[in-house]
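A short worksheet on the structure shown next.
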Amino acid sequence: MWRASSTLTCCPNENQTASQSGEPAMTQSNAVSATGGMAKAPSFAASLGDFFYQRRWSWGSVFIGLALWEFISRVIVGSKLFLAAPTQVVYALVDLSGSGEMGKHVWTSTLEFLLGYGVACVLGVALGFVMASSKAGKQALQPWVAGLYATPTVALAPLFILWFGIGILSKVVVVAVLVIFPVTINTETGLRATPTQLVETVRAFGASSRQIFFKVSLPSALPFIFAGFRLGIGRGLIGVVVAELFGARAGLGQLISQSAETFNMPNLFAGVTVLAAAGIAMTGGFAWLEEKLLPWRD
Amino acid sequence: MSDAPVKLSVANLSKRFGSLEVLQDITTQISSGEFISIVGPSGCGKTTFLRIIGGLEQASLGDAHLDGRRIEGPGADRGFVFQQDNLLPWRDILSNTEIGPEINGALSPEQRANTLRLLKLVGLEGFENYYPRQLSGGMRQRVNLARALAVDPALLLMDEPFSALDAQTREIMQTELSRIWEEGRKTVLFVTHQIDEAVYLSDRIFVFARRPGRINEIIDIDLPRPRPLSIKRTPRFVEYVDYIWKLIEEDVRVSVLQEHTG
Ligand SMILES: Nc1ncnc2c1ncn2[C@@H]1O[C@H](COP(=O)(O)OP(=O)(O)O)[C@@H](O)[C@H]1O
Ligand SMILES: [Mg+2]
């Protein structure tokens with residue numbers, strides 16, 4: 001480490017003191033937060049209690065909301081034809097799951113979502129790359145991307161069903177159309193935002209343009225690209241449901257529209273509940289994934 | 001000058017940006033193992049000169065040869081230490097330091113050992129797995145230096161590497177650089193606007209004049225090595241600083257005035 005030098009006429013600042021002792025003292029807060037939960041292991045019950053206590057206002061608010069809903073639907077509305085109570089929704093969920101019907105709907109919707117979303121992410125990144133790296137590409141694509149992103153393309157769902165039938169293909173297309181634009185725009189923005197000094201730095205070591213792309217531009221754009229993926233989740237879910245509403249053999253949107261036609265409110269709400277859970281889980285899972293994959297961000 | 005072989009040879013090098021003549025007819029030779037500083041008023045083309053030697057910019061006229069080979073572009077035979085540390089925020093300190101060998105396909109267990117040795121040399125042992133944002137400005141500049149040394153360059157190019165640091169950290173970095181240089185005796189081209197920094201570190205100082213940028217005078221610094229920081233208070237040292245300051249004073253005045261009046 002530091003040579004103990006008699007020539008040091010001034011006091012070294014704190015950071016140097018830290019490195020002098022060979023201990024990364026200045027960054028200790030970071031190191032601790034990285035291993036945060038492992039410092040001591042509290043009992044499971046205690047940590048569960050803590051989990052509820054820390055968020056007591058959220059739990060309370062949710063509980064009161066559900067209770068109000070139960071009260072309104074059973075006492076004030078009083079008819080399952082107009083509004084299902086939370087307990088009735090739970091029964092419906094159990095029933096639908098037991099009969100395997102829910103499984104069928106969830107499987108269909110999941111497949112449509114994953115295919116459309118996957119295709120859109122791959123194509124979106126590719127388009128964004130073309131727009132960021134070629135002036136002609138940018139000029140040619142820009143009007144379409146900007147125009148179609150601003151258009152509520154979900155309104156085209158009936159058209160896609162006309163073209164591609166009531167099978168899963170039409171839904172995959174709707175999802176892909178909704179997801180692709182935020183991914184494209186974010187990829188382009190992210191690649192363009194690459195700091196030029198970082199590019200210069202690796203160029204000074206003799207990096208090829210391919211190396212510059214993979215070692216600098218792409219990693220630097222990743223937070224933007226991920227934000228695009230995250231935006232795409234909500235839009236993709238809307239796409240699945242709306243496309244299924246306009247005509248499908250199975251899927252959560254089909255369950256919802258069919259339940260609405262037969263005034264089966266518990267089933268309708270069961271479908272909505274599953275969708276809400278899927279949205280929350282995917283957005284949360286994504287935040288977790290970003291944390292894992294981009295640990296260098298603040 | 002020493003009798004060491006010529007490391008860098010610059011011949012009639014000129015550079016224009018459009019109608020702006022930034023460098024005019026620079027000819028000089030630098031011996032192996034020399035520590036050369038370039039001082040001069042801001043805008044006189046110091047950065048441009050370094051970038052041309054680094055291969056990041058093309059000369060308009062003339063050329064430069066490193067170890068007898070004409071400089072055509074960037075390469076791992078030069079290590080560039082930029083004014084900003086320019087560390088890649090998504091890489092930890094170890095892989096930031098190793099990016100030069102990585103780009104040149106030279107990663108190996110021996111290289112890894114060398115990288116660890118360099119991090120130790122710049123006082124960052126134990127920080128290999130930290131991210132740049134977890135380090136102070138001074139520590140990041142050390143990584144910047146270690147990264148340039150990791151390609152084992154024939155020539156080290158440094159563009160005001162300490163200018164973003166506070167005065168105390170800066171003085172410490174000067175002693176550190178001096179110590180590191182004495183261990184490896186690399187050939188160094190060091191740009192600074194701080195005259196005492198140049199005198200403290202250098203064997204020779206190129207004083208640039210502006211509009212167009214050219215070498216006005218070359219000063220041999222005849223001070224014994226190793227140099228303790230206290231040498232900065234000796235009469236010889238102060239004489240050197242005064243002399244160089246007088247050389248560029250007028251130029252600096254003009255350049256400051258121009259900056260303020262546009
Ligand atoms: N890429 C460029 N295009 C046009 N002018 C430039 C460029 N780079 C530098 N210059 C100009 O060249 C002159 C010298 O710049 P520079 O080498 O950065 O000076 P120094 O590092 O000595 O302050 C300045 O007037 C600057 O505006
Ligand atoms: Mg400069």
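Key figures for this structure:
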item	result
Matching residues, the stretch B:60-84, being surrounded by 21 or more Cβ atoms within 10 Å (Cβ to Cβ), in contact (Cβ under 8 Å) with a residue 60 or more places away in the chain and in a loop (DSSP other than H, G, I, E, B)	B:F82
Criterion: on the phi < 0 side of the Ramachandran plot, surrounded by fewer than 17 Cβ atoms within 10 Å (Cβ to Cβ) and in a helix (DSSP H, G or I) - qualifying residue of B:V199, B:V238	B:V238
Qualifying residue in the stretch A:263-271 (condition: in contact with a Leu (Cβ under 7 Å, 6 or more places away or on another chain) and within 14 Å of chain B (Cβ to nearest Cβ))	no
Selection count where residues are within 13 Å of ligand 1 (Cβ to nearest atom) and either part of a loop (DSSP other than H, G, I, E, B) or out of contact with any Pro (no Cβ under 8 Å at 6 or more places or on another chain) (or both), scope the stretch B:15-36	7
Set A:K80, A:K104: member being touching a residue at least 24 places away in the same chain (Cβ under 8 Å) and not in a helix (DSSP H, G or I)	A:K80
Residue within the stretch B:148-159 that is within 16 Å of ligand 1 (Cβ to nearest atom), at negative phi and either more than 13 Å from chain A (Cβ to nearest Cβ) or modelled with pLDDT under 90 (or both) present	no
Residues located in the stretch B:39-80, provided they are basic (K, R) and away from ligand 2 (no atom under 13 Å from the Cβ)	B:R69, B:R70, B:R78
Inter-residue pairs, beta-carbon under 9 Å, first under 17 Å from A:G116 (Cα atoms) and in contact (Cβ under 8 Å) with a residue 60 or more places away in the chain and in the stretch A:239-252, second among the basic types (K, R) and assigned to a helix (DSSP H, G or I), 6+ apart	A:G239/A:K171; A:V240/A:K171; A:A243/A:K171; A:E244/A:K171; A:A248/A:K171; A:A250/A:K104; A:G251/A:K104; A:G251/A:K171
A:T273 in a helix (DSSP H, G or I) and either free of Cβ contacts under 8 Å to residues at least 24 places away in the same chain or farther than 18 Å from A:N186 by Cβ (or both)	yes
Condition met for B:S95 (hydroxyl-bearing (S, T, Y), more than 16 Å from ligand 1 (Cβ to nearest atom), more than 19 Å from the chain's Cα centre (by Cα) and more than 14 Å from chain A (Cβ to nearest Cβ))	no
Residue within the stretch A:186-202 that is away from chain B (no Cβ under 14 Å), more than 18 Å from the chain's Cα centre (by Cα) and over 30 Å from A:L294 (Cα atoms) present	no
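Condition check ((1) over 24 Å from B:S178 (Cα atoms); (2) part of a loop (DSSP other than H, G, I, E, B); (3) modelled with pLDDT under 90) across all residues:
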| residue | (1), (2), (3) |
| --- | --- |
| B:G43 | yes, yes, yes |
| B:T48 | yes, no, no |
| B:E57 | yes, yes, no |
| B:R91 | yes, yes, no |
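The values are calculated or read from the model by the stated rules, or taken from the named source; none is laboratory data. No experiment lies behind these values; they were computed from the predicted model shown. Because the Cβ atoms are built from the backbone with ideal geometry, glycine has one as well, and the counts that use them run over all protein chains shown.
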